[in-house]
Amino acid sequence: MTATPRILITGANGQIGTVLAAALRAAHGADAVLCTDIVAPPPAARPSRFALLDVLDAVRLRALLAEHRIDTVYHLSAVLSARGEADPRHTWDVNVTGLLNVLEAAREGLADKVFFPSTIAVFGSNVPPDGTPDDAVLNPGTVYGMSKAAGENWCAYYHARWGVDVRSLRYPGVVGHQSQPGGGTTDYAVEIFHQVLASGSYECFLAADQTLPMIYMDDAIRATLEIMAAPVARIRRRTSYNLQGLSFSPAEIAAEIAAAMKRRGLAAPEFSYRPDFRQAIAASWPHSLDDRNARQDWGWQPRFGLRELVTDMLEHLLARIPCHI
Ligand code: SER
C-alpha cells in the first residue's frame with residue numbers, strides 16, 4: 001500500500017485549484033491537502049486546511065513545506081494571459097520567481113514532486129495552428145506565455161541537473177461549472193453559460209470564428225491526477241506535455257448551448273460579438289494541439305466533446321442557479 005501523500009497547493013482559490021483540491025481530498029482524505037493562496041477564500045468556501053501564502057515569500061513557503069512535511073506541491077498560482085498584460089513585470093515575478101521558489105525548495109528536499117501548469121499561450125502565431133506539436137517553436141506574444149515558456153525550461157533544468165520530479169501539462173482553456181476563471185482569454189467559454197442563464201444573452205469578447213483548444217474541467221483534473229500518478233519512467237518530457245480536450249469557436253459553443261436549451265424547452269438565447277484586446281491574444285494561439293506524446297507516454301484520453309461539455313455544464317448550473325429566462 002502506498003503512503004498517503006502530503007500535498008500543498010498554491011493558488012488554491014483559483015479556477016483549477018478549487019476543483020483540484022476537492023479531487024485530491026476525495027482521493028487522499030482532507031488531512032492530506034493543505035490549500036494556500038495569497039488571499040483567504042470566503043468563509044463558506046474555506047477548505048478545512050488553509051494557509052495564507054504569497055509565492056514570492058520563499059521563507060514562508062519553506063516554513064509551510066517543512067512544518068507540514070509536504071511531499072507533493074501543485075504550484076497553480078499564476079497571473080493569466082489577459083490580466084498579465086496590465087503589469088508585465090509583476091506577472092513575470094509571480095509566474096517565474098514563484099516557480100523558482102518552489103523548485104528551489106524541492107531541490108533542497110522540502111518536496112519530492114512538483115506539478116507545474118503550463119499553457120497554450122507558450123505558442124505564438126508562427127506555429128502550425130492545427131495540431132500544433134509539442135516541440136513547435138515557442139515565440140509567445142504575451143508576458144504570461146513568456147513566463148510559462150521560461151517556467152517549462154526551468155522545470156526541465158531542475159529535473160536534468162538535480163533530479164527534481166517536476167511534471168507539467170500545457171492546459172488549453174478550461175471550462176467547468178464548479179468555479180469561475182479569472183484574467184484569462186479563454187474565460188468567455190465559462191462566462192457564456194453564466195450570462196445566458198442569468199440574462200438570456202451574451203456578448204463575447206472574442207470573434208465568433210476564433211477557434212481555440214479547450215478542455216472540460218473533469219478531463220483537466222483527471223489529466224493532472226494521471227500525470228502525477230504515472231510511474232516516473234513514463235514521463236519522458238520534462239518541459240511540458242500538450243494536452244488537448246476539444247476545439248471550438250464562440251459561434252460553435254453558442255450554437256450548441258442554443259440547441260441544448262431548446263431541447264429543455266428554454267427560451268432561445270441571443271449572442272453577439274464585440275472583440276476587444278483579448279481577440280489579438282487568442283488569434284496568436286493554436287486552434288488545436290497534437291497531444292500524442294501525452295497519449296503514448298502516460299495514456300491520456302479526453303472524454304468530453306462539445307455536446308457532452310454543454311450538456312454537463314447546463315445540468316449542473318441549472319440545478320444550482322435560478323434560470324431567469
Ligand atoms: N486559460 C488561459 C488564459 O486564457 C490560457 O492558458 O489565459
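The values are calculated or read from the model by the stated rules, or taken from the named source; none is laboratory data. Just so we're clear, the structure is a prediction, and the values are computed from it rather than from any experiment. In this analysis, Cβ positions are derived from the backbone assuming ideal geometry, glycine residues included, and neighbour counts consider all displayed protein chains.
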Residue within region 148-171 that is under 21 Å from the mean Cα position of the chain (by Cα) and more than 20 Å from Val96 (Cα to Cα) present: no
Selection count where residues are more than 15 Å from the ligand (Cβ to nearest atom) and buried (at least 17 other Cβ atoms within 10 Å of the Cβ), scope region 281-292: 1
Residue check, Leu76 at pLDDT 95 or above, touching a Pro at 6+ places or on another chain (Cβ under 8 Å) and aliphatic (A, V, I, L, M): yes
Hey, Leu61 away from the ligand (no atom under 15 Å from the Cβ) and not in a loop (DSSP other than H, G, I, E, B) or not: yes
Filtered residues of region 200-246 (kept if within 16 Å of the chain's Cα centre (by Cα) and hydrophobic (A, V, I, L, M, F, W, C)): Leu212, Met214, Ile215, Met217, Ala220, Ile221, Ala223, Leu225, Ile227, Met228, Leu243, Leu246
Test: residue in region 48-59 that is at pLDDT below 95 and not acidic (Asp, Glu): yes
Meets criteria (free of Cβ contacts under 8 Å to residues at least 60 places away in the same chain, more than 16 Å from the ligand (Cβ to nearest atom) and surrounded by fewer than 13 Cβ atoms within 10 Å (Cβ to Cβ)) for Ala260: no
Test for Arg274: is it more than 16 Å from the ligand (Cβ to nearest atom), surrounded by fewer than 15 Cβ atoms within 10 Å (Cβ to Cβ), in contact (Cβ under 8 Å) with a residue 24 or more places away in the chain and within 28 Å of Asn139 (Cα to Cα): yes
Among (1) out of contact with any strand residue (DSSP E or B) (no Cβ under 7 Å at 6 or more places or on another chain); (2) crowded, with 17+ Cβ neighbours inside 10 Å; (3) of a type in the set (Gly, Ala, Ser) - the single one Gly299 does not satisfy: (2)
Count of residues meeting criterion [without any contact (Cβ under 8 Å) to a residue 40 or more places away in the chain and more than 25 Å from Ala21 (Cα to Cα)] in region 194-245: 2
Residue ranges of strands (runs of 3 or more DSSP E) in region 81-193 with at least 2 members more than 30 Å from His68 (Cβ to Cβ) and within 15 Å of the ligand (Cβ to nearest atom): 173-175
